[in-house]
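So the structure is just underneath, and the comments pick up after that.
The values are calculated or read from the model by the stated rules, or taken from the named source; none is laboratory data. Quick caveat: nothing in here was measured; it's all calculated off a predicted structure. When we count neighbours, we look across all protein chains shown, and the Cβ atoms used for this are built from the backbone with ideal geometry, even at glycine. Keep in mind that these areas ignore ligands, DNA and RNA; they rest on the heavy atoms of the full protein, side chains included. Shrake-Rupley method; radii C 1.70, N 1.55, O 1.52, S 1.80 Å.
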Amino acid sequence: MELPLDYMTLRVIWWLLMGVLLIGFAIMDGYALGTLASLPFVARTDDERRAVINTVSATWEGNQVWLILGGGAIFAAWPFVYAVSFSGFYLAMFLVLSALILRPVGFKYRSKKPGKAWRRNWDWALFVGGFVPALVFGVAVGNVLQGAPFSLDSDLRITYHDQFLGGLLGLFSPFTLLCGLASVAMLLLQGATWVSLKIEKGELRDRAIRYGIFAGIAVIVLYALGGLYLAVGDLGFKVVGDVAADGPSNPRNAEVVREAGAWLLNYGQYPWMIAAPVLGFVGTALALLGLKTKADPWAFIGSSVAVLGIIGSVGLSMFPVILPSTVDVHSSLLVWNASSSHSTLFTMLVVTVVFLPIVLLYTAWVYKVLFGRIEVKALKTNPDLY
């Protein structure tokens, strides 16, 4: 049976959907990560920290849907990417999941006992649950940009080389650490705009705004430094020769070579792509303006636009490369050689078209129900609050 969409189009659609899911996670769960990463600094008293926790505790579980969908989409639509990255970055992913587990445990147990030391220790556990994933996600993006030392043999069996599998510390280089810090700053800004939007007006909200302004300035500086590094550093990969966009999925059929500055070539070939980094800077500027003028909805919208632009610029810079190999020119994973079959992509697209709107409508309804600011005095009267 002939499918209504050709193989190349389906591959592009699933590459876009993977980006949508990752950006959705960064926006929706990013505010929770950023809020918790700033918890010990923004909130100083026990009541303030409980109030900040309750700005995210009612929605964080629903936001995990984006992470699960993203991981599931990579598994089903991009099996080569799943196999190489989830095995090679295993220790980093284990660290992220361990940190994420601290969140629900911290929410449930922090207020079970009144002791100061007990609650202080859980506050720092929640900080780890926000800061560590934010840092590691950025470091992972940095490692994808600088390539990973893996190769595929003629039977497509994976071999890892050097420090890729050898140790977690091997994933940290000056560039990947820069990406990690940019990720932390981006999500701290997202968290500060969320707290400003959700907490009652007063000193706590004003303090979150001050931290948000500092984070926003850091985003602009670190994002600009990352772009400068890609322009003048030795990073970059490009596809050599022709690759059949509708051919069978086999990374051995393509050749990808390292070339300094190659990650910026797409902006010359497709000038419209410059919109992504522009959104990264303009969105951050809008968030800063919103925080400065206490226009809370605009601050959150601006920060979310910045997340869209920053993550989108990474994907557009690399297209059609998904994960380059630093040790074998015939092992890099592309949009054109690392996907599932034509029929699998089409079947999953039909399922996505049916169920994704349901997820979005349900999420919108939940946020409508939970609309409003958290008041410190409600902590003493509302038994549903942590």
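If you filter region 1-23 down to residues that are among the aromatic types (Phe, Trp, Tyr) and within 28 Å of ILE301 (Cβ to Cβ), you find that the one that is surrounded by the fewest Cβ atoms within 10 Å (Cβ to Cβ) is TRP15.
Of all residues in region 221-243, exactly one satisfies the criterion of being charged (D, E, K, R) and within 17 Å of SER331 (Cβ to Cβ), namely LYS238.
Residues that are more than 19 Å from the chain's Cα centre (by Cα) and β-branched (Val, Ile, Thr) within region 87-129 comprise just one, VAL105.
Residues are listed down the side, and each one gets a yes or a no for (1) touching a Gly at 6+ places or on another chain (Cβ under 7 Å); (2) over 30 Å from LEU225 (Cβ atoms):
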{"residue": "VAL105", "(1), (2)": "no, yes"}
{"residue": "LYS113", "(1), (2)": "no, yes"}
{"residue": "PRO133", "(1), (2)": "no, no"}
{"residue": "GLY138", "(1), (2)": "yes, no"}
{"residue": "VAL141", "(1), (2)": "no, no"}
{"residue": "GLN146", "(1), (2)": "no, no"}
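Of the residues in region 197-244, how many are among the charged types (D, E, K, R) and in a loop (DSSP other than H, G, I, E, B)? Total meeting the criteria: 4. Open to solvent by 60 Å² or more (accessible area, probe 1.4 Å), under 20 Å from LEU16 (Cβ atoms) and at pLDDT 90 or above, is that true of VAL354? Spelling it out, VAL354 is indeed open to solvent by 60 Å² or more (accessible area, probe 1.4 Å), under 20 Å from LEU16 (Cβ atoms) and at pLDDT 90 or above.
Being more than 24 Å from LEU10 (Cβ to Cβ), of a type in the set (Phe, Trp, Tyr) and in contact (Cβ under 8 Å) with a residue 12 or more places away in the chain holds for only one residue in TRP298, TRP336, TRP365, and it is TRP298.
Within region 253-265, the set of residues being more than 22 Å from the chain's Cα centre (by Cα) and in contact (Cβ under 8 Å) with a residue 24 or more places away in the chain comprises ASN253, ALA254, GLU255, VAL256, VAL257, ARG258, ALA260, GLY261, ALA262, LEU265.
Against the numbered list (1) farther than 20 Å from THR284 by Cβ; (2) at pLDDT 95 or above; (3) not β-branched (Val, Ile, Thr), SER196 comes up short only at (1). Looking across region 276-295, the residues that are in a helix (DSSP H, G or I) and touching a residue at least 40 places away in the same chain (Cβ under 8 Å) come down to ALA276, PRO277, GLY280, PHE281, THR284, ALA285, ALA287, LEU288, GLY290, LEU291, LYS292. One residue stands out among those in region 179-214 that are in contact with a Leu (Cβ under 6 Å, 6 or more places away or on another chain) and closer than 30 Å to ASP234 by Cα: the one that is most open to solvent (accessible area, probe 1.4 Å), which is LEU181. Taking (1) open to solvent by 20 Å² or more (accessible area, probe 1.4 Å); (2) of a type in the set (Lys, Arg); (3) at pLDDT 90 or above in turn, LYS113 satisfies each apart from (3). Among the residues making up region 336-382, those that are farther than 30 Å from ALA254 by Cβ and of a type in the set (S, T, N, Q) are THR363, THR381, ASN382.
Only one entry of GLY142, GLY129 meets the criterion of being open to solvent by less than 20 Å² (accessible area, probe 1.4 Å) and free of Cβ contacts under 8 Å to residues at least 60 places away in the same chain, and that entry is GLY142.
Annotation note: Cβ proximity below 7 Å between a residue of region 70-81 that is closer than 9 Å to SER339 by Cα and a residue that is among the small types (Gly, Ala, Ser) and open to solvent by less than 10 Å² (accessible area, probe 1.4 Å) (sequence gap 6+ or interchain) occurs for ALA77/SER339; TRP78/ALA338; TRP78/SER339; PHE80/ALA338; VAL81/ALA338. For region 102-141, the set of residues classified as in contact with a helix residue (DSSP H, G or I) (Cβ under 8 Å, 6 or more places away or on another chain) and not in a helix (DSSP H, G or I) consists of LYS113 only. Please find, among ALA92, ALA26, ALA37, ALA99, the residue that is modelled with pLDDT under 90, open to solvent by less than 50 Å² (accessible area, probe 1.4 Å) and in contact with a helix residue (DSSP H, G or I) (Cβ under 6 Å, 6 or more places away or on another chain). Answer to the selection: ALA92.
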